[in-house]
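The values are calculated or read from the model by the stated rules, or taken from the named source; none is laboratory data. What you are looking at is a predicted structure, and each value in this text was computed from that prediction instead of being measured. Cβ sites come from the backbone with ideal geometry, for glycine too, and all protein chains shown count toward neighbours. Side chains included, ligands, DNA and RNA excluded: accessible areas come from the protein's heavy atoms. Shrake-Rupley method; radii C 1.70, N 1.55, O 1.52, S 1.80 Å.
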Amino acid sequence: DAQVVNRGPYLQSPTDKSIILRWRTDVATESRVIYGTDENNLSSTATGTGTTTEHTVHITGLSPFTRYYYAVGNAGQLLSGPDNKHYFTTNPVPGTVQPIRAWAIGDMGKNNQGQRDVRDSYIDFTGNTHTDVWLWMGDNAYNDGTQAEYQERVFDIYPELFTYMPFWPTPGNHDYISVCAIPCNQDPQTLTGPYLDIVDVPTNGEAGGVPSGTEHYYSFDYGNVHFISLNSELGSLTSAWDYIGVQSKSNATNSPLMQWLRADLEANTRDWTVVYWHQCPYSKGSHDTDDFWELYIKAMRENIVPVLEEYGVDMVITGHSHVYERSYLIHGHYGNSSGFNSTHKVDGSSGRMADGEPYVKTMTGPDSSKGTVYVVIGNSGSSTSNPALNHPAMFYSHGCGSCYGSFVLDINGNRLDGMYLTSQGEILDEFTMMKDGVSAVEKIESPVSNIKIYPNPFSQSTQIEYHLARKTNIAIQLYDITGKWITTLVDEKKKDAGTYYETIDAGKLSLAKNIYVVKIQTDGKETVQRIVKMH
């Protein structure tokens, strides 16, 4: 009778067909999840094994890009949910081109007002726009990354977000104090600790990418974006287990992390690649990346960054320095700030679309895929007074004793937009990156083509026109902007080749003024388009 959930539930490792739910109870119980696409009819059940206080349930057999409502509990009762905040949305089929929003926070776990203001400013900013990817930049729980600190400074700060927003973490040096404090002389594969106990990240390539075999670093796909979470804490001054090359470059070159990273980048076919870790390669904030004692920063900059740029990585996001900084589109700078010059700027403009200066990455010719933007977002709960903020690689910098913020990333087709959102709800920096060789449709050949929705926006009704090149299975469904299913327009097996028309009647479906999503699925491939109902 005393059973209560005192951590979570929280969501881990979503894919287009599965997700992991975790929660903690005060006494050991069985683990049970009920779920379904209708909040009022949770007709499916998934269970764990045995009795425990640390519950993990892996749900499989789900449909891509679909919202499911859920509740967690034990064999006899539900302990959390169901309600309209207990839900998850599965990922789209990897490679699908659709609008994507990511939210990045770093060095947040201080349990202070700045951390709460950053949280609230983002909730107000994103509104009804679904957050597809929530990135953690490390130093998630100060000061030592203990279970108690994670509870007080993370789980108790974002309780509502955890029930519907999966997070994709990377660890920082403070998280590692309770795992293996510097100088760590253990093989990373033998390490344990609160951070590793809390997270359930994909290690076998189940979310896309090459299997890493470890929770220390991993990759995943969301739509047409490939995300890579690296680990800047896997170095040692006293041991051969030097995965990032703190001791020598040869250690990094031969490390399991580097071998996996190259294999993962080599296999990557997504239109965009975003890599993130904790210790920033370029900064003049609370950490000066020129300082001789910043050995982990130096190792990442000299050994890891060149490999990322070799494979045309588009963006690197880090934390560690308690400020916000954003670089030009740059390439080839692996030393101290004094060595940075104009030759390292692939584009030395503002990158701002409003100024007519978006960064453009060419995908053909000798400079194919050249240029990376580096973002430091280490002030989502931490701050620093009077930072220098004068690193020459940075176009924009912001930091002070009361300066807090987060980073918002929107990607749609061949366009990427980055925004620095302060704890007061202001956007102080924004930039755009375009790719001249990326189509706004799925690269994989699909049997459906010539999709037209007109009129769009519409008032009374709109028509979907599409062409099938061959006989195929097809389903067309309508969702609201939050991912809630409204109706199925088409669900046919082996539909003949030809041109077809389907009508969406706003009156019959009782559609209010809003944005809606049309999802077209054909033989495992998926296309998503947005429509706007006016008046």
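In the full protein assembly as shown, how much of GLU426 is accessible to a 1.4 Å probe, in Å² to the nearest 10? Rounded to the nearest 10, the figure is 100 Å². Once C-alpha pairs closer than 8 Å and six or more residues apart are averaged by separation and normalised to the residue number of segment 236-367, the relative contact order reads 21 percent.
Taking one quarter of the surface of the C-alpha convex hull of the chain gives a mean projected area of 25.3 nm².
For THR15, the accessible area of its heavy atoms, probed at 1.4 Å with every protein chain present, is near 10 square angstrom. What are the trypsin sites (Lys or Arg not before Pro) within segment 400-503 that DSSP puts in a loop, where the Cβ has at most 14 other Cβ atoms within 10 Å? The qualifying sites are LYS443, ARG470, LYS471. For segment 284-372, the Cβ-based charge dipole about the Cα centre amounts to some 120 debye (Lys, Arg positive; Asp, Glu negative; other atoms uncharged).
Using DSSP, restrict attention to beta bridges with both residues in the chain and report what percent are antiparallel, rounded to the nearest 5. The antiparallel proportion sits near 80 percent.
Backbone geometry of segment 325-334 corresponds, through the Karplus equation with coefficients 6.51, -1.76 and 1.60 at θ = phi - 60°, to 3J(HN,Hα) couplings of 9, 9, 7, 5, 7, 10, 7, x, 9, 10 Hz, x marking Gly and Pro. Take the residue pairs LYS85/LYS484; LYS17/LYS435; LYS435/LYS513 and return only those whose Cα atoms are more than 22 Å apart. Check vs 22 Å cut-off fails for LYS17/LYS435; LYS435/LYS513. Taking Cβ separations below 4.7 Å as the criterion for a possible disulfide partner, the isolated cysteines in the chain are CYS280.
Apply the a/c threshold of 1.5 to the C-alpha gyration tensor of segment 218-275 and tell me whether it is rounded, prolate or oblate. Cα axes put segment 218-275 in the prolate bin.
Ordering LEU230, LEU78 by accessible surface, largest first, gives LEU78, LEU230; the 1.4 Å probe counts only protein heavy atoms, with every chain in place.
Heavy-atom accessible surface of LEU79, to the nearest 10 Å², is about 40 Å², with a 1.4 Å probe and all protein chains retained. Once the Cβ-Cβ distance of THR47 and THR488 is raised to the sixth power relative to R0 = 41 Å, the FRET efficiency obtained is 0.90. Partner aspartates and glutamates whose Cα lies under 16 Å from the Cα of LYS508, excluding those fewer than 8 positions away in the same chain, are identified as ASP480.
Each residue, ASP291 and ILE451, gets one label point 7 Å from its Cα in the Cβ direction; the gap between the two is 5.1 nm. Dipole of segment 151-289 computed with +1 at Lys/Arg Cβ and -1 at Asp/Glu Cβ about the Cα centre; of VAL201, GLN279, ILE177, farthest Cα towards the positive end is GLN279.
Relative contact order for the chain: 13 percent, from Cα pairs under 8 Å spaced at least 6 residues apart, divided by residue count.
Counting only DSSP H runs of at least 4 residues, each contributing -39500 (n - 2.57), and dividing by the residue count of the chain, the helix-based mean residue ellipticity at 222 nm comes to -3000 deg cm²/dmol. Reported to the nearest whole Å, the Cα centre-to-centre distance from segment 35-111 to segment 299-358 is 36. Candidate cross-link partners of LYS495 among the aspartates and glutamates, defined by an alpha-carbon separation under 19 Å and a same-chain spacing of 8 or more, comprise GLU445, GLU465, ASP523, GLU526. Backbone amide hydrogens, once placed in the peptide plane, bring SER461 within less than 5 Å of ALA506, excluding anything fewer than 5 places away on its chain. Remark on VAL360: its backbone amide H falls under 5 Å from those of MET434, a criterion applied only to residues 5 or more positions apart or on other chains, H modelled at 1.01 Å from N. The length gained by stretching the chain between SER63 and ASP156 to full extension, at 0.36 nm per residue less their Cα-Cα distance, is 30.4 nm. The accessible surface of segment 1-111, taken with every protein chain in place and a 1.4 Å probe, is 41 percent carbon and sulfur.
In segment 174-305, the portion of solvent-accessible area held by carbon and sulfur atoms comes to 50 percent [1.4 Å probe, whole percent, DNA, RNA and ligands not counted]. Kirkwood analysis of segment 53-128, using all unique Cα-Cα pairs, places the hydrodynamic radius at 16.0 Å. Near ASN140, the amide H atoms lying under 5 Å from its own belong to GLY172, ASP175; only residues 5 or more places off or on other chains count, and H is placed 1.01 Å from N.
Legend: calculated FRET efficiency, SER461 to ASP124, from the Cβ-Cβ distance at R0 = 56 Å, rounded to 0.05, equals 0.95.
Scalar couplings 3J(HN,Hα) for segment 422-432, obtained by applying the Karplus form with A = 6.51, B = -1.76, C = 1.60 to θ = phi - 60°, are 7, 5, 9, x, 8, 9, 8, 9, 8, 8, 10 Hz; x denotes Gly and Pro.
Rolling a 1.4 angstrom probe over segment 379-427 with all protein chains present gives an accessible area of which 38% lies on carbon and sulfur atoms. The lysines whose alpha-carbon is closer than 22 Å to the alpha-carbon of LYS284, local same-chain residues fewer than 8 away aside, are LYS110, LYS298, LYS345. On a C-alpha basis, how far is the centre of segment 461-504 from the centre of segment 365-418 in Å? Whole number, if you could? That distance is 40 Å. Taken per residue, the accessible surface of the chain reaches 37 Å², heavy atoms only and a 1.4 Å probe. When the residues ARG326, ARG119, ARG101 are ordered by accessible surface, computed with a 1.4 Å probe over the protein chains alone, the sequence from largest down reads ARG119, ARG101, ARG326. Rounded to whole numbers, the Karplus 3J(HN,Hα) couplings from phi for segment 239-250 are 9, 6, 7, 10, 6, 10, x, 5, 7, 7, 5, 5 Hz, using 6.51 cos²θ - 1.76 cosθ + 1.60 with θ = phi - 60°, and x at Gly and Pro. Please label the shape of segment 166-249 as rounded, prolate or oblate, based on the square roots a ≥ b ≥ c of the eigenvalues of the alpha-carbon gyration tensor (a/c under 1.5 means rounded; beyond that, a/b larger than b/c means prolate, else oblate). Prolate.
Taking HIS322, HIS333 and ordering them by how much accessible surface each has at a 1.4 Å probe, largest first, produces HIS322, HIS333.
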